[in-house]
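The values are calculated or read from the model by the stated rules, or taken from the named source; none is laboratory data. Bear in mind that the values here come from a model prediction, so they are computed numbers and not experimental data. Positions of Cβ are backbone-derived with ideal geometry, glycine not excepted, and every protein chain shown enters the neighbour counts. Please note that ligands, DNA and RNA were not included when accessible areas were found on the heavy atoms of the full protein model with its side chains. Shrake-Rupley method; radii C 1.70, N 1.55, O 1.52, S 1.80 Å.
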There are 2 protein chains.
Amino acid sequence: MTRAFNFSAGPATLPESVLRQAQAEMLDWNGVGASIVEISHRSAEFIAVAAQAEADLRQLVGIPDDYAVLFLAGGATTQQALLPLNLAGAGQPVDYVVTGHWGKTAVKQARPYAAVNLAADGEAGGFTDIPAASQWRLTREAAYVHLTANETIHGIEFREVPEVGAVPLVADFSSSIASEPIDVSRYGVIYAGAQKNLGPVGISVVIIRRDLLERAGQARADIFDYRAHAARDSMLNTPPTWNWYLLGLTVKWMLAQGGVAEFARRNAAKAALLYAAIDGSGGFYRNSVAPAVRSRMNVPFFLPSTEMDARFVAEAGKAGLIALKGHKAVGGIRASLYNAMPLEGVQALVAFMHDFQQRNG
Amino acid sequence: MTRAFNFSAGPATLPESVLRQAQAEMLDWNGVGASIVEISHRSAEFIAVAAQAEADLRQLVGIPDDYAVLFLAGGATTQQALLPLNLAGAGQPVDYVVTGHWGKTAVKQARPYAAVNLAADGEAGGFTDIPAASQWRLTREAAYVHLTANETIHGIEFREVPEVGAVPLVADFSSSIASEPIDVSRYGVIYAGAQKNLGPVGISVVIIRRDLLERAGQARADIFDYRAHAARDSMLNTPPTWNWYLLGLTVKWMLAQGGVAEFARRNAAKAALLYAAIDGSGGFYRNSVAPAVRSRMNVPFFLPSTEMDARFVAEAGKAGLIALKGHKAVGGIRASLYNAMPLEGVQALVAFMHDFQQRNG
């Protein structure tokens, strides 16, 4: 098969030019006589790659100087355990706003370390809307307020930054970082697994206001300590170098494409096209998320029956539109429209949807 | 430059055929229309890759059925923190045998979670020998005894498995796993960062006797819980899929080459050749590790002056022998001879050493 339009929620599609560069450099990177996956993280060559990735990410996302950027092995779930360890005293209150599956995961990882207060929870409403910030039950002495900027499974996204006063806002941006401009200064911590909008799986980014690195937190190993990682430029131990390199190539590609302003425009256009196809299908395709908070990144929808969902996925796959099966927690269809998904992919999907409905509606 | 002989201690040289396969599959893996780094870890395709890597590793290393194998993001240092969390009660004694830098790291990561007893410590002797097991000060009620099978910086290696009674032996095999036959049943846990003998950086392997998964350990997040990872086949969260895939290719290559018996033979021959060149240099090259415990994987040595060390590294690099600079903690030269380093590489190094001495001795 030639390259398909890949709607996977993550690990997700990457820019073809990034893959081609990684391919070309696989046996000999930059003339050093070895692959970048074979050289020391402490070599001058790799340190330059790492530093360039950080500089480019700072430019892309607009990260102020008073924020440190950490590049850490693993995914966002690990950060969900490290956040209370680093930011909260043992048993201190922490506020969580739960708007979908990943908010629940964040709560689960934090519970062993802090007194989790569910400041708001959209589960009773099936995670189809975001509870109004005015109704959140926030704790004055909370170590932080945690939210999930975009929920990949339920397809629901914060469209504005809530006001939470002096308590630092901590946000999981795994699936929407760099998809549009963010005012980083409104957050204490932004964290993200890279495998959706920043490139490859196996590495996460933590953007943390430097004063928060001074918090005592709780007894923990060095390797779980954000301050220790910051002091060593994320090379406290051997980092996932190849993943870091591929992240760097992806960030460089986003800058060359025009940066977050351009991706905001493209992503809005892609999402508008797909939601219009759903809403204009006379109920054949259904998405029940409140329009004001529909995700631009992950669009879940349902056909009239689970049998038809399955047939849609199978036939789409044969047409070169792959990884459209919804998450097992909710079923149905899910199309993920991260930065590396071109408009042409969404146009092809919408054309397929129209055709499928003609044949089955 | 064409491909050099790369003596890096890790990330380290990989088999060229493995890199060529990864290169060929970079844009379209197995005809699915996407790279393997772009597809879901929960897809049938990736699950098959992951399962095959485990089956092949079990065959290569000889892992009995009563041991679980975990594939976890990050390096060995993370495991050094997770081990006491999972195996020891809070403050319970744990015995550590320290024979070099990485043993000290293991101690550092464990101290927040357990009462570390230094059962033996070779630091006073400059880590040039392994204290005799008969003199170790073991604790009867220890949760485990930890050792570092091979120390990459100091170039010192256990050549036999010490007898520690009923207390489980936990061993960091990062730099010597699969380099020769191991009797896994002698250990409670064997763990290894993959970036030396198993392939790529960014993933670690934990081989753990299943009864140890039942230990209560200490309060910890799900993502730090070995039992939770084992119950989900190491897919509790998104694993580093590309790294897992490359590990699988590397293990498959090792099996095709003849397995650990063949690598034991090759590694012994490579190490013998290099140590003979050092010992036969009339003191121009020096290695001060006790011959009985010299590492077959990492050979540190020194020239008559630090100035000459630096010149050796620079000239060797120009001759296509790269990454020979010793670790900053000890200086000098270090040649790492993992499974993917061919005998020809060591022959070229020894020829260069002879020539360099002729010109400078």
Worksheet item: When the scattering of region A:258-360 is computed by the Debye formula from its Cα atoms alone, each counted once and equally, what is log10 I(q)/I(0) at q = 0.19, 0.22 Å⁻¹?
Response: -0.93, -1.25
Worksheet item: In the structure displayed, which of A:196/A:328; A:104/A:270; B:270/B:328 lie more than 21 Å apart, Cα to Cα?
Response: A:104/A:270; B:270/B:328
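Please report the orientation-averaged projected area of the protein assembly as shown, defined via the convex hull of its C-alpha atoms, in nm².
Numbers: hull surface 120.4 nm².
Spelled out: convex hull of the Cα atoms, projected over all directions, averaged, 30.1 nm².
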Item to complete: Using the 7 Å Cα-to-Cβ label point, sort the distances from residue B:344 to its equivalents in the other copies shortest first and give them in nm to one decimal.
Response: 4.2
Worksheet entry | In nm, spacing of pseudo-spin labels at residue A:47 and residue A:262 (7 Å Cα→C-beta vector) | 3.3
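Take every residue in peptide A:224-236, count the Cβ atoms of other chains within 10 Å of its Cβ, and give the average of those counts. Don't skip to the answer; put the middle values down first.
Numbers: counts 7, 1, 0, 0, 0, 0, 0, 0, 0, 0, 0, 0, 2.
Partner Cβ neighbours, averaged per residue: 1.
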Practice prompt. Could you order peptides A:59-71, B:245-257, B:72-84 by the average number of other Cβ atoms within 10 Å of their residues, highest first?
Written response: B:72-84, B:245-257, A:59-71
Worksheet entry | Area buried, chain B against chain A - accessible surface, total, 1.4 angstrom probe, square angstrom | 4700
Worksheet entry | Among A:303, A:57, A:147: highest mean-square fluctuation, GNM of chain A, C-alpha pairs under 10 Å | A:303
Item to complete: Report, as an integer, the average count of C-beta atoms from other chains found within 10 Å of each Cβ along A:4-11.
Response: 5
Worksheet item: When the Cα centres of region A:218-264 and region A:195-215 are compared, how far apart do they sit, in Å?
Response: 6
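Quote the charge dipole size of region B:1-56 about the Cα centre in Debye, to the nearest 20; the model charges only the Cβ of Lys and Arg (+1) and of Asp and Glu (-1). Don't skip to the answer; put the middle values down first.
Values: 3 positive and 7 negative charges, 37 e Å.
Its charge dipole is roughly 180 debye.
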Worksheet item: How far apart, in nm, are the 7 Å Cα→Cβ label points at residue A:211 and residue A:23?
Response: 5.0
Worksheet entry | Accessible surface, per residue, of region A:258-360 when the full set of protein chains is kept, probe 1.4 Å, Å² | 41
Worksheet item: Which of the residues in region A:22-36 lose at least 40 Å² of accessible area when you go from the chain alone to all protein chains together (probe 1.4 Å)?
Response: A:23, A:26, A:27, A:33
Discussion item. Can you compute the FRET efficiency between residue B:123 and residue A:276 using 1/(1 + (r/R0)^6), with r the Cβ-Cβ distance and R0 = 51 Å? Round to the nearest 0.05.
Written reply: 0.15
Discussion item. Run the Debye formula on the Cα coordinates of chain A, all scatterers equal and no solvent, and tell me log10 I(q)/I(0) at q = 0.09, 0.11 1/Å.
Written reply: -0.51, -0.76
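Provide, as a two-decimal number, the C-alpha radius of gyration of region B:1-158 over 2.2 N^0.38 Å, N being how many residues it has.
Details: Rg = 20.3 Å, N = 158, 2.2 N^0.38 = 15.1 Å.
So region B:1-158 has a normalised radius of gyration of 1.35.
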Worksheet entry | Positive-pole candidate from A:69, A:213, A:93, dipole of region A:17-256, charges at beta carbon | A:93
Response to the item:
Expressed in angstrom and rounded, the centroid-to-centroid distance over alpha carbons for region A:93-134 and region B:24-53 is 33
Worksheet item: Between residue A:59 and residue B:219, what is the label-to-label distance in nm when each label sits 7 Å out along the Cα-to-Cβ direction?
Response: 4.6
